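The values are calculated or read from the model by the stated rules, or taken from the named source; none is laboratory data. Keep in mind it's a predicted model, so treat the numbers as computed, not measured. Heads up, the Cβs are rebuilt from the backbone with ideal geometry, glycines too, and the neighbour counts pull from every protein chain shown. In case anyone asks, the SASA skips ligands and DNA or RNA and just uses the protein heavy atoms, side chains included. Shrake-Rupley method; radii C 1.70, N 1.55, O 1.52, S 1.80 Å.
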Amino acid sequence: MTIEDDPARVYGPEQCNSVAGRDWSWWDLWCCVIAVKDHAGDINDLAGVIAARIRDNHTTMLYSRDSDDARLSHLLDLNQRLHAVGLNPADLAGPAILGDRKITSRARAKFKANIPFGAYARTPPMRDLPADRLRRRSRFGHWPTFTCDPAVFYDKFRPTIQRKEWVTERQTSRATDVLQRRLDDLDGPRRSLAERLALYRAFYTAAIEFADIADDSSGCLGDMRTETWLEYLKIDWRSAGMTPEHYWQDLCELRVWEDYGLDYQHENAWFASARNGDIDLIEGILTTLADEARSFVLDYQANSAKAAIKNLHRPPRSPRH
């Protein structure tokens, strides 16, 4: 292995060397150095230490978890890349590297200091954090499994929801009216079940994307979201051509990542269309989502998945008024 640059002059994403036909960054090397020196070459053990640090400090006022989230994301990605080519951390951090005090000192510093934002300082896994990636997947990731593509309808709502600035309460109210009229215009008896399923699914994502940037103090957007969501759940997705595996995967991810309580007083509505044969499938999906979220220290989402399992097994009840 040849080190061409002084590690004190690099930020991390720069290429460090090539091994097994792949390029490896300085961040890769620093992670491997710490793993070999302090964790018996076990990157998962190092990742566990970072995860514990996030959990231990999450209520500390002066602690921001962003840099540790970035380190954890990179570690987990690095572990996958190493396994893909049959390498372990010692293959990158060999004796010559471990004996270089400057590299070790730099590696240790990188696991303590805040990491600046930007491509110059962060690798791709650090810039696309798990929370952002999984939230995006829940909103858009399973659209290819629909028999009618929701993206076709989502584009109809895009001009209303995409704003560069925070949306005031009055603007939110006006935009909500626009969204409702647009939905009504797109809906109707001319639509097949597959089209209606795609339309309302696209509206869910459009409305939640808008909720991210809108002041909904009046509750008008939230009320409309709940109403249209319940309408979506009434659509016969089986007759629309969806398979249980695809439908429940999409729905469970929405349930785990729903941030605005659109199901308030309708907590059991998510699984109203479930048949006996679906229960084990749904529970398995939710359990997998909980484990995935927990691995990224997304404990709120993990707990949300566990709560959904309880709702799944809870007897139906009439909505409260």
Rounded to two decimals, what is Rg over Rh for the chain when you use alpha-carbon atoms and the Kirkwood radius? 1.05
Mind checking the full-extension length gain between ALA151 and GLU292? Use 0.36 nm per residue of separation minus the Cα-Cα distance, one decimal, nm. 48.1 nm
For region 79-136, listing chymotrypsin sites (Phe, Trp or Tyr not before Pro) in a DSSP loop whose Cβ sees at most 11 other Cβ atoms within 10 Å gives TYR120
Under the helix-only model (-39500 (n - 2.57) for each DSSP H run of 4 or more, divided by the residues of the chain), the mean residue ellipticity at 222 nm, to 500 deg cm²/dmol, is -18500 deg cm²/dmol
Length-normalised contact order of the chain in % [C-alpha pairs under 8 Å, at least 6 apart]: 15 percent
Kirkwood hydrodynamic radius of region 125-254 from all distinct Cα pairs, in Å? 15.3 Å
Per residue, how much accessible area does the chain have with a 1.4 Å probe, in Å²? 51 Å²
Sequence-distant residues sharing a close amide H with CYS16 (under 5 Å, placed H): TRP24, SER25, TRP26
Bins of 10 Å, beginning at zero and ending with the bin holding the largest distance: percent of Cα pairs per bin for region 1-149, please. 10, 39, 33, 13, 5, 1
Of every hundred units of 1.4 Å-probe accessible area on region 163-291, the number belonging to carbon and sulfur atoms, as a percent, is 46 percent
Given a Förster radius of 30 Å and the C-beta distance between SER239 and ARG174 as r, what FRET efficiency does 1/(1 + (r/R0)^6) yield to the nearest 0.05? 0.25
Subtracting the Cα-Cα distance of ARG191 and TYR300 from 0.36 nm times their residue separation yields 35.5 nm
Add +1 for every Lys or Arg and -1 for every Asp or Glu among the other residues with Cβ under 11 Å from the Cβ of LEU92, and state the total. 0
Taking region 217-321, the whole-percent share of alpha-carbon pairs separated by over 20 angstrom is 41 percent
